[in-house]
Amino acid sequence: MKSYRKELWFNTTSRREYINITRHVEECLAESGVKEGLVLVNAMHITASVFINDDESGLHSDFEKWLEKLAPEKPHSQYAHNGFEDNADAHLKRQVMGREVVVAITNGKLDFGPWEQIFYGEFDGKRRKRVLVKIIGE
Ligand code: ZN
């Protein structure tokens, strides 16, 4: 069985951002040489997500509005977590949007359903953060 590991680094210019990382994961898959197997992609931080959905700007703006209703960033004082930090909302947003995705690899390609794309969801950005890509298979 082959095994492959790589870290992808991101440094967003805003606090919250969604980045389509599908191309990066496809590059990892090509590098791994795996034709049949699984790829795990996970955020390595507890204020960021990896998720699969449509690459459509209206939807991304809906995510932002919806998450701000569920866990508004401000006032920072509304959260018990915000003693020395101001990122309680980011922890909550990440919990809803998820930590990781697993995608099947078939014939050397990501075996997606219609419109599926992989995103890095940043909720407490403006600093260097990592995503882990782990691929296993033959
Ligand atoms: Zn925190």
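The values are calculated or read from the model by the stated rules, or taken from the named source; none is laboratory data. Values in this document were obtained by computation on a predicted structure and should not be read as measured data. Every residue, glycine among them, receives a Cβ derived from its backbone with ideal geometry; neighbour counts consider all protein chains shown. Quick note on the areas: whole protein, heavy atoms, side chains included, nothing else; ligands and nucleic acids left out. Shrake-Rupley method; radii C 1.70, N 1.55, O 1.52, S 1.80 Å.
Label zone (E138, point 7 Å along Cα-to-C-beta; backbone nitrogen cut-off 19 Å) within region 2-32: 2-4, 30, 32. Taking all C-alpha pairs of region 2-137, those more than 17 Å from each other amount to 59 percent.
Charge tally around T106: other residues with Cβ under 11 Å, Lys/Arg +1 each, Asp/Glu -1 each, net 0.
The largest accessible area among S14, S57 belongs to the first residue in S57, S14, and the rest follow in falling order (1.4 Å probe, all chains). Peptides 4-13, 77-86 ranked from most to least packed give 4-13, 77-86, packing being the mean of other C-beta atoms within 10 angstrom over each peptide's residues. So, R0 is 22 Å and r is the distance between the beta-carbons of R130 and A104; what FRET efficiency does that work out to, to 0.05? E(calc), rounded to 0.05, equals 0.40.
Assuming R0 = 25 Å, can you tell me the calculated FRET efficiency for the pair V96 and T13, based on Cβ-Cβ distance, to the nearest 0.05? My answer for the efficiency is 0.60.
If I take R0 = 22 Å and measure r between the Cβ atoms of R23 and F112 in this structure, what FRET efficiency does the formula 1/(1 + (r/R0)^6) give, to the nearest 0.05? Taking R0 as 22 Å, the efficiency between R23 and F112 is 0.95. Every helix of 4 or more DSSP H residues in the chain counts as -39500 (n - 2.57), and over all residues that averages to -8000 deg cm²/dmol at 222 nm. Based on Cα contacts under 8 Å between residues 6+ apart, the chain shows a relative contact order of 55 percent.
Using a cut-off of 23 Å between Cα atoms, the listed pairs K35/K129; K2/K109; K6/K93; K109/K134 include K35/K129; K6/K93 as exceeding that distance.
Counted by Cβ distance under 9 Å from L132, the other residues give a net charge of +2, where Lys and Arg count +1 and Asp and Glu count -1.
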